[in-house]
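Please treat every number below as a calculation from the coordinates, not as lab data. All figures in this text were calculated on a predicted structure; none of them were measured in a lab.
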Amino acid sequence: MYLRRYILRDMDGVRLHRLGKRLIDLSRDVTTSAGDASLTSAEIAVIEDVLKNPGSPVSEIKVRTGFAQSHVSESVARLKGRGLIETFADPADRRRTRVRLSETARRAVLERAGRSADDVITRAIADRGRAERVSALLDELAELIL
């Protein structure tokens with residue numbers, strides 16, 4: 001397999017990190033569009049964390065995202081104000097606030113996640129044939145790693 005030989009021969013930590021960052025940037029281009037509401041990187045991190053861990057307290061979101069508690073709390077307040085997340089009191093400890101995505105945000109995330117990456121990859125590569133090859137390699141990589 002070409003992909004396997006390439007990774008074993010030429011991939012180092014720095015290159016892998018750069019590739020990961022580039023793929024994240026491309027995935028963000030796929031899942032957002034000019035008409036979408038703009039979110040800060042902290043808000044995106046909070047939404048991603050709450051999507052994966054619904055009903056989490058702010059303190060756990062802080063640990064997983066690496067942001068300061070005040071930063072997470074501010075992001076939660078802004079996202080709540082925009083109707084993207086909901087907060088509720090922990091039934092076991094009413095002083096503790098838990099966070100979940102609103103149904104509107106959940107539907108938007110699922111719709112955006114289903115968008116095809118083909119156009120974004122083609123724009124990034126600028127050669128349709130090579131873009132198709134990149135898409136095929138990414139599909140293979142996803143099967144092998146995920």
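The table below lists the values:
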| read-out | value |
| --- | --- |
| Lysines with Cα under 22 Å of Lys80, excluding same-chain neighbours fewer than 8 positions away | Lys52, Lys62 |
| Translational D in µm²/s for region 39-115 (Stokes-Einstein at 20 °C, 1.002 mPa s, Kirkwood Rh from C-alpha pairs) | 173 µm²/s |
| Reachable aspartates and glutamates, given that their alpha-carbon falls under 20 Å from the alpha-carbon of Lys21 and they are not under 8 places away in the same chain | Asp10, Asp12, Asp29, Glu43, Glu48, Asp49, Asp118, Asp119, Asp139, Glu140, Glu143 |
| Amide H contacts under 5 Å for Ile85, placed H, 5+ residues apart | Lys80, Ser102 |
| Distance histogram for the chain (every C-alpha pair counted, 10 angstrom bins, percent rounded to whole numbers) | 10, 32, 29, 21, 8, 1 |
